Amino acid sequence: MAVVAENTVVELAVDLYDAQGALLQAGEEPFVYLHGGYGGLLDALERALEGKSAGDVVRVHLEPEQAFGEYDPVLLRVEPRGRYGEGLGIGMQVEDAFDDGEPRLYTVTDLADEMVVLDANHPLAGMALNFACRVLAVRSASAEELARGAPQTGARARRAAN
């Protein structure tokens, strides 16, 4: 039986809870990632899953710095609404350059008469989180997946798993 280790493709069902135990996201769709520091999963979750196999359940509590970071008020901006055109709505995302010139993805969090509030923080920034991960499947990654640094998806992935 395959175990979660470097260069394996892991399929998980992940339920995400806040620190008080309220469900934030149910793992209705399997999450598939390439294990071993490829950036597909939070480092702390990868470490907790190491050595597990299909059927195992792992529960992990992560503080903000282990998950999506602390909330940074510097990443909050108020801009003229007209700058972004018609049809702007709360929850939409826009890309814009920050003061340092680096483009960032902002979420529209509020609209006022002529102004828009943009937030480049991750929606879960500043939150302690609890993850319940059930390992659904583990297999060795293909050479193509390793070269790409990501698992195959769709029919090609099903063929690779067989």
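The values are calculated or read from the model by the stated rules, or taken from the named source; none is laboratory data. Note that this is a predicted model, so its numbers are computed, not measured. Backbone-built Cβ (ideal geometry, glycine too); neighbour counts: all protein chains shown. The protein model used for the area step is the full one, side chains on, heavy atoms only, and it has no ligands, DNA or RNA in it. Shrake-Rupley method; radii C 1.70, N 1.55, O 1.52, S 1.80 Å.
Some points to look at:
- VAL135 accessible area, 1.4 Å probe, all protein chains in place, Å² to nearest 10: 0 Å²
- Surface calculation, 1.4 Å probe, protein heavy atoms: ARG148 sits at approximately 120 Å² accessible.
- ALA54 long-range amide H proximity, modeled H, under 5 Å: VAL138
- Going by accessible surface with a 1.4 Å probe and the largest first, PHE68, PHE131 read PHE68, PHE131.
- Only helical runs count toward this figure. For the chain, summing -39,500 (n - 2.57) over DSSP H runs of n ≥ 4 and dividing by all residues gives -3000 deg cm²/dmol at 222 nm.
- Ordered by 1.4 Å accessible area with all protein chains kept, GLU86, GLU114, GLU144 run largest first as GLU86, GLU114, GLU144.
- Charge dipole (debye, nearest 20) of the chain; +1 at Cβ of Lys and Arg, -1 at Cβ of Asp and Glu: 1000 debye
- Note, ³J(HN,Hα) from phi for the range 29-44, Karplus 6.51, -1.76, 1.60, rounded to Hz, x at Gly and Pro: 9, x, 9, 10, 8, 9, 7, x, x, 8, x, x, 8, 4, 3, 5
- Whole-number percent relative contact order across the chain, with pairs defined as alpha carbons under 8 Å at least 6 apart: 34 percent
- Whole-Hz couplings from phi, Karplus 6.51/-1.76/1.60, listed for the range 65-79; x for Gly and Pro: 5, 8, 10, 10, x, 6, 5, 10, x, 5, 8, 9, 9, 10, 10
- FRET E, pair ALA22, GLN93, Förster distance 22 Å, beta-carbon r, rounded to 0.05: 0.35
- Residues of the chain: accessible area per residue with a 1.4 Å probe, Å²: 58 Å²
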